[in-house]
1. For residues in segment 87-127 being among the aliphatic types (A, V, I, L, M) and over 20 Å from ARG163 (Cα atoms), which is surrounded by the fewest Cβ atoms within 10 Å (Cβ to Cβ)?
2. Restricting segment 152-177 to residues that are in contact with a helix residue (DSSP H, G or I) (Cβ under 6 Å, 6 or more places away or on another chain) and outside any strand (DSSP E or B), which is nearest to SER85 (Cα to Cα)?
3. Test LEU300 against the stated conditions and say whether it is touching a residue at least 60 places away in the same chain (Cβ under 8 Å) and touching a Pro at 6+ places or on another chain (Cβ under 7 Å).
4. Can you pull out the strands (runs of 3 or more DSSP E) entirely within segment 195-301 that have at least 2 residues that are over 21 Å from the mean Cα position of the chain (by Cα) and more than 24 Å from LEU27 (Cα to Cα)?
5. Pull up segment 164-192, narrow it to residues that are under 27 Å from LEU208 (Cβ atoms) and free of Cβ contacts under 8 Å to residues at least 12 places away in the same chain, then point me to the one that is surrounded by the most Cβ atoms within 10 Å (Cβ to Cβ).
6. Identify the residue in segment 132-151 that is at pLDDT 95 or above and part of a loop (DSSP other than H, G, I, E, B) and, among all such residues, is farthest from the chain's Cα centre (by Cα).
7. So which residues in segment 179-194 are in a helix (DSSP H, G or I) and of a type in the set (D, E, K, R), if there are any at all?
8. Do we find a residue being at pLDDT 95 or above and either farther than 19 Å from GLY284 by Cβ or surrounded by 14 or more Cβ atoms within 10 Å (Cβ to Cβ) (or both) anywhere in segment 206-217?
Amino acid sequence: MNPQISDTRVSRSLQLLLRGLIDYAGLFPPAGLGMPAAVTNYDQYLRSEHAWMLGRFIVPAVRLHDFEEAMRQLPPDAARRWGLSVLLGNDAGGDVASVRAFSSKKEAVVESVEAKVSTAEDVKRLRAMTPDNVSLFCEVPLNERERECISAIAECGAQAKIRTGGETADKFPTPAQLVEFVKLCLGAKVPFKATAGLHHPLRSVHRLTYLPDSDSVLMHGFLNVFLAAAFVRAGMAAETAIDLLEERSPGAVRFTATGIAWRGHEVKEAEISAARAGFSISFGSCSFTEPVADLQSLGLL
């Protein structure tokens, strides 16, 4: 899925942190692309020098037919057997049936499905209907039911998902909420992914949408979030992890010969690799080019 890195100037610790990190969600706001454009983009990203950072293609279950049609329009040399993560809607049973039917056509591999949950019962119901060979990511609400939902996710052998942004300011959790979620997942041995609001490497102010009159808000950075996850997994205290999530200075994060350092703390390469392999899985972004461009502007790529 993730090609070899062609640029040897990328530090090994950064490679470990970013490999396969960005699930492409170009169909969703604020990009909101049509299926042909999103599929064409993903094909181009797979051919780029930064393809090693690319994760799964995100598609709603109700649009799997559209996805098939768009795939057929790609050039003959396009990479096939893409890894997909399929979003389930209100009719989860019907959507899972669509996933099963699609999987038999071999256009691409459905590696995971994602769905919103409100209760532990929702988690158990979804896990019961999801194929055993497909990962289930349950989007957990931040409404004081996180613990029961994450406990059920652990019991069912599923994974968690957290919404880290959106098109309105209220969709952005606080750093304290994010750290609490990460610690709950760690305690329950539950892998997680994030979605929305993570286009940029470091915490900073950006417009909520691509419209010129859009409001701006302080957004989480994907380096902050996934570094914090690795540090928390390695034993960092919650209060310190909150400070890391609030970090805005590029100079505070250093990629060393042995790991990644931040203000007197260091997480080793082995710990980064272990976190990414089985704990902090990925994040969904409607843009792949924005994260790449920002990393380049910081001199990291």
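1. Taking segment 87-127 and keeping what is among the aliphatic types (A, V, I, L, M), we get 87-88, 92, 96-97, 99, 101, 108-110, 113, 115, 117, 120, 123, 126.
Cutting the leftovers down to over 20 Å from ARG163 (Cα atoms) gives us 96-97, 99, 101, 108-110.
On the way: VAL96: 21, ALA97: 13, VAL99: 20, ALA101: 11, ALA108: 22, VAL109: 16, VAL110: 24.
In this case the residue turns out to be ALA101.
2. ALA158
3. Numbers: touching a residue at least 60 places away in the same chain (Cβ under 8 Å): yes; touching a Pro at 6+ places or on another chain (Cβ under 7 Å): no.
The answer is no for LEU300.
4. Numbers: elements: 204-207, 216-219, 253-255, 259-262, 265-268, 280-285.
Here the list reads 253-255, 259-262, 265-268.
5. Out of the qualifying residues, it is THR174.
6. That would be VAL134.
7. We begin by selecting, within segment 179-194, every residue in a helix (DSSP H, G or I); these are 179-188.
Answer for segment 179-194, where residues must be in a helix (DSSP H, G or I) and of a type in the set (D, E, K, R): GLU180, LYS183.
8. Initially, segment 206-217 is screened for residues at pLDDT 95 or above, giving none.
Taking every residue of segment 206-217 in turn, none turns out to be at pLDDT 95 or above and either farther than 19 Å from GLY284 by Cβ or surrounded by 14 or more Cβ atoms within 10 Å (Cβ to Cβ) (or both).
The values are calculated or read from the model by the stated rules, or taken from the named source; none is laboratory data. Note that this is a predicted model, so its numbers are computed, not measured. In this analysis, Cβ positions are derived from the backbone assuming ideal geometry, glycine residues included, and neighbour counts consider all displayed protein chains.
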